[in-house]
Amino acid sequence: MNAVGIDVSKGKSTVAVIQPFGVVIAEPFDVFHTDSSLKELVRFIKSLSGETKVVMEYTGTYYEPVANALHNAGIFVSVVNPLLIDDYDTNRVRKVKTDKLDALKIASYALDKWIKLRKYEPAETVRKTLQIMNRQCIKLNKILVMQKNSLIALLDCCFPNANTLFTSPRRVSDGHEKWVDFAMKFPHVDSVAKLSLSAFKAKYQSWCKKEHYNYSESKADQIHAYARTIVSTLPMTESVRKMVSDAAKLLNSTLEALGTLHSEMDALASQLPEYETVMNLYGVGKVFCSQLIAEIGDVTRLKSNKSLTALAGIDPPPNQSGKDDPKSRRISKRGSPALRRTLFLIMTIYLQHQPADEPVYQFLDKKRAEGKPYKVYMIAAAHKFLRIYYARVKEVMPTQ
């Protein structure tokens, strides 16, 4: 039995090989993530006599070049959660951490868990791409919030509450929001208030036509009347106009990038067998559908719906000791935060629309009627939703 422990980092990994009773076959050594180095690692592992298993931690995407190279060469590879390695007993009083010691620790873990190790299977290209794109969307959304706040702060100085003048949703074609484009054209309250009503209407109608927005004469009257009642703290200078315009352009570029990503994610997700089933779930549209599929992945790799709730990090782990056995426990939050966020947004849709014939809402409403706190009944409804998701998707997935 040869237990190979690999401590993965960016660009290189540290490898150690041990046998039962702590016999070190190979002292820890470094391997770079290049084609020639990985081929040399494959040759070295295959040269070991006896059964060999390789274990490494799930570290973002850094482990994939090594895991894929070994898997493709026919070597048994297991990729485990870093928490399992971190919790593994080192039998040390003084905490010491180096790449070499970590590699030996992972190899020791491989020996102890030899029979229970799960074989690594590379994710499908479509699913992997979908997950990476979803993570990119999350980053863009964070940038989007900052850019929106920045533009609103600028408008508060020169056109207060201009962002509340329109309630139109994002445009599907390019992701633009009407109030952002309006701020580019009318960046200051004086750009509206100093025009006569007829002159503003003509200018506003021309802008709506050019930007492909619906024109409403009553809305034009409302905007003009509002602009004549408010006071700005900054004068309408060229510098102010440029500052607002640049902030709006930057925000639009992010909205466009996000819209393109959502379209690409939907196109990718539609290639997968569970797409139509997930789309038919209440509260799930094209955006949420691709996000759920991206974060959950192939449900056939999960043993049960409990594994799915654990993946989302909404499972309350047991915490019993002696006579103390609390019935109410906190969720673990050790799963995907991106999946939890998507589930929360879907549960919000249930709350807003209150579909009486939907089992998820019926369960949510029941828990709410029992006097459960907001977070408790939202998590309970998310549990119910994931159980339904698992059952329905499992039915349409091809058998292995």
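The values are calculated or read from the model by the stated rules, or taken from the named source; none is laboratory data. Remember, it's a predicted structure, so these values are computed and weren't measured experimentally. Every residue, glycine among them, receives a Cβ derived from its backbone with ideal geometry; neighbour counts consider all protein chains shown. SASA here: full protein model, heavy atoms, side chains in, ligands and nucleic acids out. Shrake-Rupley method; radii C 1.70, N 1.55, O 1.52, S 1.80 Å.
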Applying the selection to the range 116-132, what residues are among the polar types (S, T, N, Q) and over 14 Å from GLY60 (Cα atoms)?
-> THR125
Determine if the range 355-363 includes at least one residue that is open to solvent by less than 40 Å² (accessible area, probe 1.4 Å), hydroxyl-bearing (Ser, Thr, Tyr) and at pLDDT 90 or above.
-> yes
Would you please list the contacts, defined by Cβ atoms under 6 Å and residues six or more apart or on different chains, that run from a residue in the range 190-202 that is among the charged types (D, E, K, R) to a residue that is part of a loop (DSSP other than H, G, I, E, B) and open to solvent by 40 Å² or more (accessible area, probe 1.4 Å)?
-> ASP190/MET236
In the range 330-346, what residues are without any contact (Cβ under 8 Å) to a residue 60 or more places away in the chain, touching a Gly at 6+ places or on another chain (Cβ under 9 Å) and among the hydrophobic types (A, V, I, L, M, F, W, C)?
-> ILE331, LEU339, LEU345
Tell me the helices (runs of 4 or more DSSP H) entirely within the range 108-199 that contain at least 1 residues that are farther than 29 Å from GLU217 by Cβ.
-> 125-158
Could we say that GLN222 is among the polar types (S, T, N, Q), surrounded by fewer than 17 Cβ atoms within 10 Å (Cβ to Cβ) and in a helix (DSSP H, G or I) here?
-> yes
For the range 203-219, name all the residues that are out of contact with any helix residue (DSSP H, G or I) (no Cβ under 7 Å at 6 or more places or on another chain), part of a helix (DSSP H, G or I) and open to solvent by less than 90 Å² (accessible area, probe 1.4 Å).
-> LYS203, SER206, CYS208, SER218, LYS219
Only residues that are under 23 Å from LYS286 (Cβ atoms) and of a type in the set (Lys, Arg): list them for the range 339-383, please.
-> ARG340, ARG341
Mind listing just one residue for me: the one in the range 102-161 that is acidic (Asp, Glu) and either open to solvent by less than 80 Å² (accessible area, probe 1.4 Å) or out of contact with any helix residue (DSSP H, G or I) (no Cβ under 8 Å at 6 or more places or on another chain) (or both) and, of those, modelled with the highest pLDDT?
-> ASP156
